[in-house]
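Input: a single structure, listed below in structure tokens.
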Amino acid sequence: MKKNTFTFILLLVIGLVAGSLVGQLLVSVPALAFLTKSVDLTWQPKADLLVIKYDLQFQMKLNLISLVGLVAAFWIFRRL
């Protein structure tokens, strides 16, 4: 498989989503609460240029499990 930027970004997104799903499944386990505690990151760029006006919102919820998924995706990309 050819390594390129699209493959890298796709694997990182898949790793984050997979880690977040595992984190959501483990929320009910009290002993693993430190792994599933999420931090919200939000970025809201806005501009009013008189001709064009835009308002975007990007939000990420990260936890330790999703970061493990990200690292695993990076490791898989390096192994390709």
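The values are calculated or read from the model by the stated rules, or taken from the named source; none is laboratory data. Only a predicted model underlies this, so the values are computations on that prediction, with no experimental measurement involved. Reconstructed Cβ throughout: ideal geometry from the backbone, glycine too, with neighbour counts over all protein chains shown.
Computed values, structure above
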read-out	value
Qualifying residue in region 29-39 (condition: in contact with a Lys or Arg (Cβ under 8 Å, 6 or more places away or on another chain), touching a residue at least 12 places away in the same chain (Cβ under 8 Å) and either exposed (fewer than 15 other Cβ atoms within 10 Å of the Cβ) or part of a helix (DSSP H, G or I) (or both))	yes
Which numbered condition Thr42 fails, given (1) touching a helix residue (DSSP H, G or I) at 6+ places or on another chain (Cβ under 9 Å); (2) of a type in the set (Val, Ile, Thr); (3) farther than 30 Å from Arg78 by Cβ	(1)
Candidate set from region 39-51 (those that are within 26 Å of Gly23 (Cα to Cα) and among the hydrophobic types (A, V, I, L, M, F, W, C)); member that is farthest from the chain's Cα centre (by Cα)	Trp43
Single residue of region 68-79 satisfying the filter (crowded, with 16+ Cβ neighbours inside 10 Å and among the aliphatic types (A, V, I, L, M)) that is nearest to Phe6 (Cα to Cα)	Ala73
Considering residues of region 52-80 that are over 13 Å from the mean Cα position of the chain (by Cα) and in a strand (DSSP E or B) only, the residue farthest from Leu25 (Cα to Cα)	Lys53
Hey, Met1 at pLDDT below 90 and assigned to a strand (DSSP E or B) or not	no
